[in-house]
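The values are calculated or read from the model by the stated rules, or taken from the named source; none is laboratory data. Because the structure is a prediction, the values reported are computed rather than measured. As a convention, Cβ positions derive from the backbone with ideal geometry for all residues, glycine included, and neighbour counts pool all protein chains shown.
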Amino acid sequence: MRRRFFVDGFGSDTATLRGEGAEHLGRVLRAEPGQLYELSDGERVWLGRIASVALPKRGESRIEFALVEPVPAPVPALELQLLLSLIKFDRFEWCIEKAVELGVTEIVPLAAARTDKPLLAAAEKRHARWEKILLESAQQARRLRPPAMAAAVAPERAFGQSNAVLKILLSERREAPPLREILLNASGAHASAAGASIAIGPEGGWTEGEIAAARAAGFQEASLGENILRAETAVIASLAIVRFALGDK
């Protein structure tokens, strides 16, 4: 299966890969003229043949492609939003990488009440790194485009701004119904067409005020079982379950 790379746009019959993407393709994958790769500008995908490779010691690396033919690029039926509370950055970055692979279309970092304050202070400086992780993960997963990623916001604001039809707040509380039950009660076709949102709390869990705000915005509490899961485990489990239940048939 051919590798996919993102380009800024397509000319009439050419495209150019620049910067770090060109560096990786040229130096790591040892690109040569004549080789074929898939190229996406976020809207369309083309099969491109390498025409030239320029990897100067100084200045921008560039790989020029001649466009061969368009490649089918269906848009996923399920719009899937992840509201993810900030946790230790190595674990948070692992979470967003796997979320891209599992088809998330938007990631909103949450500055929850129980989020460590040093993480909040440093989050803004990490945003560019997170954008790079999203792009590289989307290329690896052969997606049409990387997911959008917002700046960190308070949960109450994120809950109110979500326009998904199916809104799920993962909860550790005993009275929270199983996620399976929530999904069985949802209208699969309706929820899939309009999207789903999953909110995952910080270490220490949601506050009562955050749960109340989520309910007011239409979120339903849901449990992944009796075991208490780390955030990264909850991300993978919940996204896989929801995608299986509501995603492409």
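When Ile228 is tested against (1) under 23 Å from Lys88 (Cβ atoms); (2) of a type in the set (Val, Ile, Thr); (3) touching a residue at least 60 places away in the same chain (Cβ under 8 Å), just one condition goes unmet, and that condition is (3). Can you tell me which residue is surrounded by the most Cβ atoms within 10 Å (Cβ to Cβ) among those in region 112-139 that are part of a loop (DSSP other than H, G, I, E, B) and in contact with a helix residue (DSSP H, G or I) (Cβ under 8 Å, 6 or more places away or on another chain)? Here the answer is Ala112.
Quick one: which residue in Pro74, Pro109 is crowded, with 19+ Cβ neighbours inside 10 Å, under 23 Å from the mean Cα position of the chain (by Cα) and more than 18 Å from Ala240 (Cα to Cα)?
The match here is Pro109.
Considering only residues of region 191-210 that are in contact with a Leu (Cβ under 7 Å, 6 or more places away or on another chain) and aliphatic (A, V, I, L, M), which is surrounded by the most Cβ atoms within 10 Å (Cβ to Cβ)? Per the stated criteria, the residue is Ala199.
For Ala151, indicate whether it is outside any helix (DSSP H, G or I), among the small types (Gly, Ala, Ser), under 17 Å from the mean Cα position of the chain (by Cα) and surrounded by fewer than 15 Cβ atoms within 10 Å (Cβ to Cβ). The answer is yes for Ala151.
Criterion applied to Ala199, Ala214 was being touching a Lys or Arg at 6+ places or on another chain (Cβ under 9 Å) and over 16 Å from Pro178 (Cα atoms), and the one residue passing it is Ala214. Restricting Leu78, Leu84 to residues that are touching a strand residue (DSSP E or B) at 6+ places or on another chain (Cβ under 8 Å), of a type in the set (A, V, I, L, M, F, W, C) and not in a loop (DSSP other than H, G, I, E, B) narrows the list to Leu84. Going through Arg142, Arg215, Arg174 one at a time, which residue ends up being out of contact with any strand residue (DSSP E or B) (no Cβ under 7 Å at 6 or more places or on another chain), surrounded by 14 or more Cβ atoms within 10 Å (Cβ to Cβ) and not hydrophobic (A, V, I, L, M, F, W, C)? Only one candidate qualifies: Arg215.
Please enumerate the residues belonging to region 205-223 that are outside any helix (DSSP H, G or I), over 10 Å from Pro155 (Cα atoms) and not aliphatic (A, V, I, L, M).
Answer for region 205-223, where residues must be outside any helix (DSSP H, G or I), over 10 Å from Pro155 (Cα atoms) and not aliphatic (A, V, I, L, M): Gly205, Thr207, Gly218, Phe219, Gln220, Glu221, Ser223.
Within region 219-229, at least one residue is in contact with a Leu (Cβ under 8 Å, 6 or more places away or on another chain), modelled with pLDDT of 95 or more, crowded, with 19+ Cβ neighbours inside 10 Å and of a type in the set (Asp, Glu).
With respect to the conditions (1) surrounded by fewer than 14 Cβ atoms within 10 Å (Cβ to Cβ); (2) closer than 30 Å to Arg157 by Cα, Leu83 lacks only one, and its number is (1).
Could you list, in sequence order, all residues of region 43-63 that are out of contact with any strand residue (DSSP E or B) (no Cβ under 7 Å at 6 or more places or on another chain) and surrounded by 12 or more Cβ atoms within 10 Å (Cβ to Cβ)?
Correct list: Leu55 only.
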